[in-house]
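Note sheet for the following structure.
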């Protein structure tokens, strides 16, 4: 449980009373009660109001907000407000302003414009966090601390350059080690003094997302992620000194590319994230992101910190969420591990760039809207569920490995194809499992593989130290491992592992790859099966890249059907110890992926949660040995599933369910295994 003060699924969202008057506050409180809102995230962007100069702090307005909300039964997710520094700070202390990738120093404006290595920013951010902790440590409405907001963005200023050199000294110990890691004898880049090293921006090594030196650019991304994390930790430590028992979080952004969230999660009491899919985002991609957020802390339930009740404002086409979709997507988060359902925002702003971003309370200002009615109904249902789902876990026998540093390395790689997208390739494998309703964990390279039967590591271009040995041990004891083209190529410094691709994975896979062919957009080669293999037969399409591989003990399950490498292996399997290691040498089409993953799951004894029609998602959380089954219908029409003879209880109505269960269009059915004694 995140905080025992509120033993239910938290329901609420971002609230900005500083933008409104007392009459509006009273209306807000009235409508919060109608909607079942019990948590408000406050003080997210109030630094300028709280601190008008270096020495003055005014908490009167925040005091009143905290007291007013708590009096009406609304707890506070209390933010530290450091996501946007005040204008006076930018004017008097220009070191707080970032320098962009083009070498231009920013002016005051926007948000997240603070240099993470600015001594001024760190000093005042830490001081504000400490003062907030001291002031509200005993407030009964304080539920959780929310540090800053949606960390992101890099800086290339002189402070960052100096801090980067210190970071390099800590990481490598010597300049000789840096030169070796970066292969600086290429293009005469040898460094003889740390002060010669400059940030890799568009004035030095990079243009767009391309770079002359992958090692330099890769380390700068690590450094910037660490620098922003240090800012978070400075505030975290100040809060924990005073309120050690109050949990601390900051809101992440799913597959956001700039920060290594596995490193961040180690310093978060609970992971929280902001979910903003487009109207055409595949349901499987959103599910994969929830599973990744759950996987950041080894399966611990997470917070859905933000989503929109209806419309977004910053995407190219900001469609309304159709009736039922807000509820559907909220329960999808809960089904995959969320113990909160929260929105941005509770009341719409009247000005600036988020005035058209959806809210529980729309500009009309009353409760007689479609959006409010849907929010109020969801609030009622969450009240019915009570604590019956809290702390329930997701149990999976399949896992997909995801690594931010590997993503950076793939993105920065000087070839072989601009069409190669790491996240998309990961999603192809996840989507195939999702369509079968096979529960899947998203894990980092440091996670133990012991509890899994199937582990998939798509495009594992960079191998971290020890990962290959972990894979060998996993397969040897009976596990099934899958990796793909463009894997095992480089080490953590982006230096090629010589001796043949896939480097350290060569032994367990029983192959070596001689060349990598890049296919043009729309171009494919054929994956020709060697006979019928379970659900696979005939031929399929492969695209993007084709590895030209030779067998070293592995068996070819399929070969290429075209070009000069026709007949060479395209899919292989190697018996290793008690298990198997598979290699997929190209990017297959969806039909192959479905059959391939079905074969592997069948062989490993991994069963789907439930057989359902297309578009009906099934997910399970388990609590006290009992399953909680979520049926989520992403279709525009009602869809059914057969539950067989098992007896379930509808968590929202208390009805007994068995056999055929129909789920309305964009609807949700939540079923508890066994009797309903624990349903409120």
Item to check | Ranked by how many other beta carbons lie within 10 Å on average, peptides 464-470, 187-193, 511-517 from highest | outcome: 511-517, 464-470, 187-193
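Please give the length that would be gained between residue 187 and residue 123 if that part of the chain were fully extended, namely 0.36 nm times their separation in residues minus their C-alpha to C-alpha distance (nm, one decimal).
Values: separation 64, 0.36 × 64 = 23.04 nm, distance 4.06 nm.
In short, 19.0 nm is gained.
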Checklist entry - Please state the relative contact order of region 416-493 as a whole percent: Cα pairs under 8 Å, 6+ residues apart? => result 31 percent
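Would the chain count as rounded, prolate or oblate if I go by the C-alpha gyration tensor, calling it rounded below 1.5 in a/c and otherwise prolate when a/b exceeds b/c, oblate otherwise? Working shown, then result.
Numbers: a/c = 2.07, a/b = 1.17, b/c = 1.77.
The shape class here is oblate.
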Item to check | residue 108/residue 473 FRET efficiency (R0 45 Å; Cβ-Cβ; nearest 0.05) | outcome: 0.25
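Calculate, in nm to one decimal, what residue 134 and residue 653 gain on full extension: separation in residues at 0.36 nm each, minus their alpha carbon distance.
On the way: separation 519, 0.36 × 519 = 186.84 nm, distance 4.46 nm.
That works out to 182.4 nm of additional length.
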Checklist entry - Going by how many other beta carbons lie within 10 Å of each one, how would you line up 166, 248, 384, fewest first? => result 166, 384, 248
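Please label the shape of region 572-639 as rounded, prolate or oblate, based on the square roots a ≥ b ≥ c of the eigenvalues of the alpha-carbon gyration tensor (a/c under 1.5 means rounded; beyond that, a/b larger than b/c means prolate, else oblate).
Working: a/c = 3.63, a/b = 1.49, b/c = 2.43.
Oblate shape, in that a/c is at least 1.5 and b/c is the bigger or equal ratio.
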Next on the checklist: Can you give the FRET efficiency to the nearest 0.05 for residue 355 and residue 88, using r as the Cβ-Cβ distance and R₀ = 22 Å?
Outcome noted: 0.30
Checklist outcome for this item: From fewest to most C-beta neighbours within 10 Å, the residues 509, 34 line up as 34, 509
Item to check | Euclidean distance of C-alpha centroids, region 505-564 and region 25-56, integer Å | outcome: 57 Å
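Length gain on complete extension for the stretch residue 646 to residue 660, per 0.36 nm per residue less the alpha carbon to alpha carbon distance? Walk me through the numbers before you get to the answer.
On the way: separation 14, 0.36 × 14 = 5.04 nm, distance 1.08 nm.
So the chain would gain 4.0 nm between residue 646 and residue 660.
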Item to check | Exposure proxy order (Cβ contacts within 10 Å, fewest to most) of 206, 230, 655 | outcome: 655, 230, 206
Next on the checklist: So if I restrict to the alpha-carbon atoms in region 195-238, what is the Rg, and what is Dmax, the biggest pairwise distance, in Å?
Outcome noted: 13.2, 40
Checklist entry - By per-residue mean of other Cβ atoms within 10 Å, what is the highest-first order of 413-424, 12-23? => result 12-23, 413-424
Checklist entry - What area, in nm² and to one decimal, does the C-alpha convex hull of region 616-673 cast on average over all directions? => result 3.6 nm²
Checklist outcome for this item: Where a ≥ b ≥ c are root eigenvalues of the Cα gyration tensor, a/c under 1.5 meaning rounded, otherwise prolate if a/b exceeds b/c and oblate otherwise, region 159-235 counts as oblate
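None of the figures in this text is laboratory data; all of them are computed from the coordinates on show. Everything numeric here is computed off the predicted structure, so don't read it as measured data. We place every Cβ from the backbone using ideal geometry, glycine too, and count neighbours over all the protein chains shown.
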